[in-house]
Amino acid sequence: VLTQAGYRVDLLTDADLNAARLAAYDAVVIGIRAYNSRDGLKRRNGQILQYAEAGGTVIVQYNTADNTFHREFAPFPLKLGRDRVTVEEAPITLLEPENSLLTTPNRIAASDFDGWVQERGLYFASEWDPKFTPLLSSNDPGEPERKGGLLAARTGKGMFIYTGYAFFRQLPAGNPGAIRLFVNLVSAE
């Protein structure tokens with residue numbers, strides 16, 4: 001999807017995960033459960049955080065909060081929980097509608113969440129440092145509001161984003177709103 005949107009996409013090996021090599025990229029997207037399964041990623045996480053500090057954008061997609069998870073993956077305290085929103089039609093509230101991640105290059109509206117498949121998201125953060133800004137909220141019927149599904153924080157000159165929203169399902173399904181939002185995330189300045 002990102003290639004079709006005009007982005008150059010490279011799959012990075014563990015050896016590529018050092019701040020000097022990462023400096024060639026505007027954004028680094030870390031896939032689902034990557035910290036659960038890639039020991040090299042866990043060992044080089046400090047390099048990823050240095051890259052963000054120097055001006056890069058790091059987007060971490062959901063990971064599970066189990067014993068294999070690297071608990072200090074973020075630049076500020078961030079605790080993952082088991083919160084999820086399983087109803088794909090669950091209403092979305094834009095908590096910070098003027099935040100650049102929701103306006104640039106695409107203005108995101110609640111309608112961008114129409115047509116999502118299978119679920120809204122999973123493994124939302126349950127606690128986070130006040131340096132993180134929650135951008136969206138949603139919940140299953142009868143459940144409390146879940147604000148930990150899309151969090152962003154400035155770190156140095158860069159940006160760190162955690163998302164539990166199910167882009168891994170939406171992008172392959174060609175969901176236009178999810179594509180628009182994901183493009184905003186990788187375009188963060």
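Can you find a residue in the range 128-143 that is touching a residue at least 24 places away in the same chain (Cβ under 8 Å), open to solvent by 50 Å² or more (accessible area, probe 1.4 Å) and touching a Leu at 6+ places or on another chain (Cβ under 7 Å)? Yes, that holds for at least one residue. For the range 8-67, filtering for residues that are free of Cβ contacts under 8 Å to residues at least 40 places away in the same chain, of a type in the set (A, V, I, L, M) and open to solvent by less than 30 Å² (accessible area, probe 1.4 Å) leaves 8. For the range 163-179, filtering for residues that are part of a helix (DSSP H, G or I) and open to solvent by 10 Å² or more (accessible area, probe 1.4 Å) leaves 7. On inspection, Ala34 passes the criterion of being under 15 Å from the mean Cα position of the chain (by Cα) and farther than 22 Å from Ser137 by Cα. Looking only at residues in the range 153-162 that are over 19 Å from Leu94 (Cβ atoms) and either in a strand (DSSP E or B) or free of Cβ contacts under 8 Å to residues at least 24 places away in the same chain (or both), the one that is most open to solvent (accessible area, probe 1.4 Å) is Arg154. Does Arg82 satisfy being at negative phi and open to solvent by 60 Å² or more (accessible area, probe 1.4 Å)? Yes. As for the range 92-109, it holds no residue that is open to solvent by 70 Å² or more (accessible area, probe 1.4 Å) and either under 20 Å from Arg169 (Cα atoms) or hydrophobic (A, V, I, L, M, F, W, C) (or both). Take Phe160 and decide whether it is modelled with pLDDT of 95 or more and out of contact with any strand residue (DSSP E or B) (no Cβ under 6 Å at 6 or more places or on another chain). Considered against the rule, which asks whether it is modelled with pLDDT of 95 or more and out of contact with any strand residue (DSSP E or B) (no Cβ under 6 Å at 6 or more places or on another chain), Phe160 comes out as no.
Which residues, taken from the range 122-147, are touching a Gly at 6+ places or on another chain (Cβ under 7 Å) and at negative phi? Leu122, Phe124, Ala125, Ser126, Trp128, Pro134, Leu136, Ser138 - these are the residues of the range 122-147 that are touching a Gly at 6+ places or on another chain (Cβ under 7 Å) and at negative phi. Filtered by the rule that a residue be small (Gly, Ala, Ser) and assigned to a loop (DSSP other than H, G, I, E, B), the range 11-32 gives Ala23, Ala24, Gly31. Scanning the range 76-126 for residues being of a type in the set (A, V, I, L, M) and closer than 17 Å to Pro144 by Cα gives a total of 9. Among the residues in the range 161-180, are any of a type outside the set (Ser, Thr, Tyr) and touching a Pro at 6+ places or on another chain (Cβ under 7 Å)? Within the range 161-180, not a single residue is of a type outside the set (Ser, Thr, Tyr) and touching a Pro at 6+ places or on another chain (Cβ under 7 Å). Any residue in the range 21-35 that is within 24 Å of Leu122 (Cα to Cα) and hydroxyl-bearing (Ser, Thr, Tyr)? Yes: the range 21-35 contains one or more residues that are within 24 Å of Leu122 (Cα to Cα) and hydroxyl-bearing (Ser, Thr, Tyr).
The values are calculated or read from the model by the stated rules, or taken from the named source; none is laboratory data. Values in this document were obtained by computation on a predicted structure and should not be read as measured data. Don't worry about glycine lacking a Cβ; one is built from the backbone with ideal geometry, like all the others, and counts go over all protein chains shown. Just so you know, the surface numbers come from the protein's heavy atoms only, side chains and all, with ligands and any DNA or RNA stripped out. Shrake-Rupley method; radii C 1.70, N 1.55, O 1.52, S 1.80 Å.
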